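**Student:** I have a structure I would like to understand better, so I am pasting it below and will then ask my questions one at a time.
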Ligand SMILES: *[C@@H]1O[C@H](CO)[C@@H](O)[C@H](O)[C@H]1NC(C)=O
Ligand SMILES: [Zn+2]
C-alpha cells in the first residue's frame, strides 16, 4: 500500500458498518535504530551486545471501532455512548495513530479480526467459518489483495480456529500465547478434559492431548503488550493506569528479551480508540525512543515477520507437549 494511507470515506463507511477490525497498512520503510549508548546505568548491557542482535518489532492495530461495542455478547442493544467511542476510534483515533506511525516511518499490518468482534469460542464451527469466509471476502475487496493473517477478537479463538485458518490459506495468526517473544508453528488446539467437581475424579483425570504443529505461523499475542487492559475504561480494561507504569512494564519485557535472545519478535497490540488518546500516544513516543536506541531493531508487518521465519532467516520456538491418547 502507498505511504501515508489516510482514512478516506471508504474506510469510514466500512468501519461504521461495524464489519471488521483490520490492521492498517502503512508506510514502506522499516526503521533501523541507531546504535545504543545510554547513560542509564541499568541499560549498560545494551551498548555492546555480545552477538549481533535481530529484533523484529511491529504494531498490530486492532481497529475494532464500532464492532466491539455492537457485540454485547447477549443480544442486548449497545450503549450509544460506547458506539460513539467506536466512531472516535475509527476517525480521531485512526488519524492520530496514522500520523504517529507515519512520523516514525513504521509500517503496520493488515489482518482479519472478526465481523462484529465475535468471540469464536462461543460459536460452532459453521458459524465461525461463515464469519471468516465473509470477512475475508470483504476485506480482500477493500484492500485489493488477500489479507495474510488473523487475530481472534478478544483473543478468544475456538478449537476449530487453526483448521479454518489453514483451510482459508492464511499465513499467520496472532491470538495464541505459547511463547511471548519467539515465532513458532501454531499447534492445533489440544483436547483438555474439563474439571467437573460434581463427578468422580476419574472422569477428568486425563492428560492433555498431544500437540501437533499446523502450517500457520504464530506471531505470539501477549496481554502484557496490549494497550486495552491498561487504558481502556471498561470491557476488560482498567482505564486509569499511569502510563509510566505501562511504559516500565513494556520496556522491562523488551530489555529482558534483548538480554536473553539473539533474535526475538516484539509485536505490540494497540487499538486506535485507546492509543489515540493523548497520554497513550505520548507513551508510545517514549517507547519508540527506548526501543530504537538498541542495535538490530527493525520495524515491520506481521507477514514480513512470518516470511522471515518461514524462509529460515530468523529462528523460532518449537511447541511440544501433551500425551498420545
Ligand atoms: C451452529 O449453530 C447454528 C445457530 O445455533 C445452528 O443453526 C447450526 O445448525 C449449528 N451448526 C452446527 C454444525 O452445529
Ligand atoms: Zn479487537
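The values are calculated or read from the model by the stated rules, or taken from the named source; none is laboratory data. Note that this is a predicted model, so its numbers are computed, not measured. Glycine also receives a Cβ, built like all others from the backbone with ideal geometry; neighbour counts cover every protein chain displayed.
**Student:** Which one of the conditions (1) touching a helix residue (DSSP H, G or I) at 6+ places or on another chain (Cβ under 8 Å); (2) at pLDDT 95 or above does residue 209 fail to meet, given that it meets all the rest?
**Tutor:** Residue 209 satisfies all of (1) touching a helix residue (DSSP H, G or I) at 6+ places or on another chain (Cβ under 8 Å); (2) at pLDDT 95 or above except (1).
**Student:** With the checklist (1) in contact (Cβ under 8 Å) with a residue 40 or more places away in the chain; (2) surrounded by fewer than 20 Cβ atoms within 10 Å (Cβ to Cβ) in hand, flag the one item residue 244 doesn't pass.
**Tutor:** Result: residue 244 fails condition (1) only.
**Student:** Residues of the range 299-325 being more than 20 Å from residue 148 (Cα to Cα) and outside any loop (DSSP other than H, G, I, E, B), which ones?
**Tutor:** Matches in the range 299-325: 317, 323.
**Student:** Right, something else. Would you tally the residues in the range 113-152 being closer than 23 Å to residue 222 by Cα and away from ligand 1 (no atom under 16 Å from the Cβ)?
**Tutor:** 9
**Student:** Still on this structure: If I filter the range 257-272 for residues that are within 16 Å of ligand 2 (Cβ to nearest atom) and farther than 26 Å from residue 184 by Cα, do I get at least one hit?
**Tutor:** Yes: the range 257-272 contains one or more residues that are within 16 Å of ligand 2 (Cβ to nearest atom) and farther than 26 Å from residue 184 by Cα.
**Student:** Can you name the residue in the range 108-144 that is at pLDDT below 95 and away from ligand 2 (no atom under 16 Å from the Cβ) and is also surrounded by the fewest Cβ atoms within 10 Å (Cβ to Cβ) among such residues?
**Tutor:** By that ranking, first place goes to 143.
**Student:** Kindly provide the set of residues from the range 93-120 that are in a helix (DSSP H, G or I) and farther than 18 Å from residue 154 by Cβ, ordered by number.
**Tutor:** Residues satisfying the conditions are 93, 94, 95, 96, 97, 98, 99, 100, 101, 102, 103.
**Student:** Could you tell me which residue of the range 78-100 is nearest to ligand 1 (Cβ to nearest atom), considering only residues that are within 19 Å of residue 283 (Cβ to Cβ) and surrounded by fewer than 23 Cβ atoms within 10 Å (Cβ to Cβ)?
**Tutor:** 88
**Student:** I want to confirm something. Restricting to the range 72-86 and keeping residues that are in contact with a helix residue (DSSP H, G or I) (Cβ under 7 Å, 6 or more places away or on another chain) and part of a helix (DSSP H, G or I), which single residue is nearest to residue 171 (Cα to Cα)?
**Tutor:** Going through the qualifying residues, I end up with 86.
**Student:** What do you reckon, is residue 109 in contact with a helix residue (DSSP H, G or I) (Cβ under 7 Å, 6 or more places away or on another chain), away from ligand 1 (no atom under 16 Å from the Cβ) and either without any contact (Cβ under 8 Å) to a residue 12 or more places away in the chain or more than 18 Å from residue 228 (Cβ to Cβ) (or both)?
**Tutor:** no
**Student:** Let me ask you something else. Filter the range 278-298 down to residues that are assigned to a helix (DSSP H, G or I) and crowded, with 17+ Cβ neighbours inside 10 Å, then give me how many there are.
**Tutor:** 8
**Student:** For the range 149-169, enumerate the residues that are within 16 Å of ligand 2 (Cβ to nearest atom) and surrounded by 22 or more Cβ atoms within 10 Å (Cβ to Cβ).
**Tutor:** Correct list: 149, 150, 151, 152, 153, 154, 157, 161.
**Student:** Another one. Out of curiosity, is residue 90 within 16 Å of ligand 2 (Cβ to nearest atom) and outside any loop (DSSP other than H, G, I, E, B)?
**Tutor:** Taking the combined requirement at face value, the residue satisfies it.
**Student:** Quick one: in the range 170-185, of everything that is more than 14 Å from the chain's Cα centre (by Cα) and closer than 12 Å to residue 149 by Cβ, which residue is surrounded by the most Cβ atoms within 10 Å (Cβ to Cβ)?
**Tutor:** If we take residues in the range 170-185 being more than 14 Å from the chain's Cα centre (by Cα) and closer than 12 Å to residue 149 by Cβ, then 170 is surrounded by the most Cβ atoms within 10 Å (Cβ to Cβ).
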